[in-house]
Every structure is written in structure tokens, then in C-alpha cells.
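Step one of this worksheet: look at the structure below.
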Amino acid sequence: MTSSLRDTKRAATRRALADATYRRVREHGFDGVTIEEITTDVNVSRRTFSNYFANKEEAVAFVPVDRIRAELEEWVVPEQADIPTAVRSVVGHLMNSGLPLLLAELDRLGRSHTPFGPHAREAQWAVWEAVGDRLRAELLIDDPRERRNLAMLLGALYGIVSARLAESEEAADLAAVQESVAEVFTWLEPAIRGQAGAPGAGGVDRR
């Protein structure tokens, strides 16, 4: 088996184990699911599970990040987009693809199962890191000022979305999440665009 085929098979096994864990945990809770049930679903051994994940919490946390990365591959950057336009575009794409529901589910599982809390927070941040990685690659951002602007915008989005989810006592208010995302752009877009037009500000040719 070639290296690429082996890597593809390993990725498929990891995804299958994570998806099976996520599906069962959503239905039965962490305490209502055993690793043996998960490995039976995927037709692999418990040792195989341990080769990919240390525990059920780690497997569940893998799912939303993996799904968002797949969605990011489908996103197409608008032509000649500046940072705010590109961020608006990719966040809109992810919102339409179910990002709020995924983040809300992470938050819900973290509240219902305390050991999952750190995994949930790490996965939530990993989602925004993946967004940043894709934007930096697509926009070829090398200028330090622009890198800081992107980090500021993504950090604000992560913070406000996390805060909105934490405010919800039960089901997340997804409309409030989307409203808060829009507010972040309202607050920060003018400042970022103002910096881009300031004397000495570096520009990036994205043609």
C-alpha cells in the first residue's frame, strides 16, 4: 500500500470512529456509551480506537473541527477581497453550513459532561484557527499589520460567539449568535479599513 493510500485509509478510519462516537454520545450521553459499542459500529478493535483517540471526549471534539475544515475547502474567496470582505464571506459560508449548531452542540455537551468542557473549548478555538489558516493561505497575508487585523477580527468573533453560547441556559439562541457576529463586523470593519488606507499601510495584491 502506498503512503497516500495508507494516509487516506487512516483518515477514513479516524473520521468513522469520531462520527460513530459523536452520534452515540449525542443520543445517549458520554456515560451511556462504551468504546466497545463504538468499535463494533465501525468494525474495528478497541486497540484501533486507542491508536486514534485517547478517549471518547477527544473523539467527539474531533468531529466539528473536521467538518468545518471540509466546509472551508468548499469556500471560494471573493475576487480582490480585502480582509473584512473575505472574513464576512467565509463566516457567512460557515453559518449557512451549520457552524452555529456545531458550536452550540459542543457547548451543550460540555455543560452536561464536565470532563468534556476543556475539549469543547479547545475544539471551538480550533475552528477559528482553521478559518484563519485558510484565510492567510488564500489572501497571501504577509504584512504584519494585516495579520494583526485578521487575528483581531477572528478573536473578536470567537469571543462574542463563545459568550453568546455561554449566556444560554439551555438551548443556544442561534439568532442572537448571528446578530452578535454582525455586530462584530459593524464595530471592527471601519477600523480595519481605516488602517488599510492610512499612510504607510502595506497593501496586498490579491489578483
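The values are calculated or read from the model by the stated rules, or taken from the named source; none is laboratory data. Here the structure is a predicted model, which is why all the values come from computation and not from measurement. Glycine also receives a Cβ, built like all others from the backbone with ideal geometry; neighbour counts cover every protein chain displayed.
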Original post:
Tell me, which residue of segment 135-179 that is modelled with pLDDT of 90 or more and touching a Phe, Trp or Tyr at 6+ places or on another chain (Cβ under 9 Å) is surrounded by the most Cβ atoms within 10 Å (Cβ to Cβ)?
Top reply: Leu153
Subject >> Criterion (within 18 Å of Leu102 (Cα to Cα) and touching a His at 6+ places or on another chain (Cβ under 9 Å)) met by exactly one of Glu57, Glu27 >> reply: Glu57
Original post:
How many of the residues in segment 16-61 are without any contact (Cβ under 8 Å) to a residue 60 or more places away in the chain, surrounded by 16 or more Cβ atoms within 10 Å (Cβ to Cβ), of a type outside the set (Lys, Arg) and assigned to a helix (DSSP H, G or I)?
Top reply: 15
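Within segment 96-154, can you find the residues that are outside any helix (DSSP H, G or I) and either under 13 Å from Ala61 (Cβ atoms) or touching a Gly at 6+ places or on another chain (Cβ under 9 Å) (or both)?
First, the residues of segment 96-154 that are outside any helix (DSSP H, G or I): 97-98, 113, 140-143.
Result: His113, Asp142, Asp143.
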Original post:
Based on what the data block shows, is Thr21 over 14 Å from Glu105 (Cβ atoms) and modelled with pLDDT of 95 or more?
Top reply: no
